[in-house]
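What follows is a single structure, written as structure tokens, with notes after it.
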Amino acid sequence: MRYLVAANWKMNKTVAESIEYIEVFKELVKYVEGVDIMIAPSFTSLSSVSVLIEKTNISLGAQNMFYAERGAYTGEISPIMLDELNVKYVILGHSERRHIFGEKDEMINKKVLTAVEFGLRPILCVGETLEERELGKTMNVVERQIRAGVAGLEREISLIDIAYEPVWAIGTGVNATVEQAQEVHHFIRNLINDISKGNDKDTRILYGGSVNEKNASELIKAPDVEGFLVGTASLDPQKFYKIILSSLEV
């Protein structure tokens, strides 16, 4: 299985800044083999980045997507718009979408189903809040989010990746320990194996939540951590490059 190291730039970088970043980054990674690399810039930068990474080893991702092809959905982005820009991955169900913008499991599931229908590979994000962890509800929350998110794709889980992002670790500088990450990742692997009746071998389980160039080499050693979804640290091409190199050390 090829690991996936994905960058989620969130609401950062103008078009000019994105171009400057990619010009540096594609030179850093041009000889990297054995790992899949994805960058999800802001929607305004997708077109420019798409052109710059053509014929490179970098894949393009989107940070979100609506579940309709077209229509009266002001401010939304459709799968056919993403496909036209050669987007390969789409991040769905991120905790910021769930907790800031109120997205529910049902809506996220619709997005996952639509993404797969249009040939996009969803990265389904799941994870618990600090309160839920302290109450011992981590596995319950993760299982609910996964079962709801993949409903209708039970036998086709291999078409998606899953990112475990404990909400209490996102952007806080506090990441899960290797043991905490492995415990949840192992639970997810067993869960999706059961749901899919063994058709989960191509699904990577990524860790996200304050991943950086200093802790990546330890986290990737966990047996069921198969890549990263990186936020803040991915905004610096040199730091993101070091995280990618860490994933090759396994």
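Tabulated results
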read-out	value
Coil-residue GluC sites (Glu not before Pro) of the stretch 45-151, DSSP, other Cβ within 10 Å capped at 16	GLU54, GLU69, GLU76
Cα gyration tensor of the stretch 1-101 - equivalent ellipsoid semi-axes, whole Å, descending	24, 15, 14
Kirkwood Rh and Cα Rg combined as Rg over Rh, evaluated for the stretch 159-227	0.99
Chymotrypsin sites (Phe, Trp or Tyr not before Pro), loop per DSSP, at most 16 other Cβ atoms within 10 Å - longest free stretch of the chain	119-250
Rough spin-label spacing in nm, given labels placed 7 Å along Cα→Cβ, for ASN12 and ARG147	3.6 nm
Amide hydrogen neighbours beyond the local backbone of LEU229, cut-off 5 Å, H modeled	ALA6, TYR207, GLY208
The stretch 1-156 - percent relative contact order, Cα under 8 Å, separation 6 or more	17 percent
Once exposed loop trypsin sites (Lys or Arg not before Pro) are cut out (DSSP; at most 11 other Cβ, 10 Å), longest piece of the chain	105-196
Long-range HN-HN contacts of ARG204 with modeled amide H, under 5 Å	ILE162
Mean separation of Cα contacts under 8 Å, 6 or more apart, over the residue count of the stretch 82-166: relative contact order %	36 percent
GLU106 paired with GLU27, simple spin-label distance in nm, labels 7 Å along Cα-to-beta-carbon	5.2 nm
The chain: equivalent-ellipsoid semi-axes (sqrt of 5 x gyration tensor eigenvalues, Cα, Å)	25, 22, 17
In sequence order, calculated HN-Hα J values of the stretch 54-69 (Karplus, 6.51, -1.76, 1.60; Hz; x Gly/Pro)	4, 6, 10, 8, 10, 9, 9, x, 10, 7, 5, 6, 8, 8, 9, 5
Residues of the stretch 1-26 with amide N under 20 Å of a point placed 7 Å along Cα→Cβ from SER158	1-4
Within the stretch 158-178: backbone nitrogen closer than 14 Å to the HIS99 label point (7 Å, Cα to C-beta)	165-176
Accessible surface of the stretch 18-88 [probe 1.4 Å, protein heavy atoms]: carbon and sulfur percent	50 percent
Alpha-carbon gyration tensor eigenvalues x 5, square-rooted, for the stretch 76-154, Å	26, 13, 9
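The values are calculated or read from the model by the stated rules, or taken from the named source; none is laboratory data. None of these values were measured; they are calculated from a predicted model. Every residue, glycine among them, receives a Cβ derived from its backbone with ideal geometry; neighbour counts consider all protein chains shown. These area figures cover heavy atoms from the full protein model, side chains too; ligands, DNA and RNA do not enter into them. Shrake-Rupley method; radii C 1.70, N 1.55, O 1.52, S 1.80 Å.
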